[in-house]
Amino acid sequence: MANSQVAAVSVEVNEAEPTGATLPQEGEPPSGSLAVHTVWQAAGLFGLVGGFARSSGARLTWTAWGAASIAMVHSAAPADGRTIATGLAVLGWTAASTLALRGLTLGVLTTSVVDSRRI
């Protein structure tokens, strides 16, 4: 069996010199969260406006954005008010969906068949 030696390492921290990574203060949002929030809002606005213009891709974006927003509300709400908060989020998204999904029909597509022998 080989001899194993453990070396003690001493680390000195000088609090006067910043290390470059700082933790956010209480009440201060984490760095980068403003950019993420801005992109999230832009995606929602794209879905709403594009859906109003009857773009299929924007309507899919609106639907996914709404489902993700409701899931985030549900996960972030305190347990006591989770059901109410999620319900209010669903109501708000549903109300806005009347604009984004206007004119969307869930009916069966009909096609007409033309018999070329009779023409």
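The number of residues in the stretch 46-89 being assigned to a helix (DSSP H, G or I), among the hydrophobic types (A, V, I, L, M, F, W, C) and surrounded by 16 or more Cβ atoms within 10 Å (Cβ to Cβ) comes to 10. Scanning the stretch 30-45 for residues that are part of a helix (DSSP H, G or I) and open to solvent by 50 Å² or more (accessible area, probe 1.4 Å) yields L34, A35, V36, H37, T38, V39, W40, Q41, A42, L45. Only one of the numbered conditions (1) more than 28 Å from T105 (Cβ to Cβ); (2) at pLDDT below 95; (3) open to solvent by 80 Å² or more (accessible area, probe 1.4 Å); (4) in a helix (DSSP H, G or I) is not met by S4, and that is (4).
The values are calculated or read from the model by the stated rules, or taken from the named source; none is laboratory data. Since the structure is predicted, the reported quantities are computational estimates derived from the model, not experimental observations. So basically every Cβ, Gly included, is an ideal-geometry build from the backbone, and we count neighbours across all protein chains shown. For the accessible areas, the whole protein counts, side chains as well, though only heavy atoms, and no ligand, DNA or RNA atoms are used. Shrake-Rupley method; radii C 1.70, N 1.55, O 1.52, S 1.80 Å.
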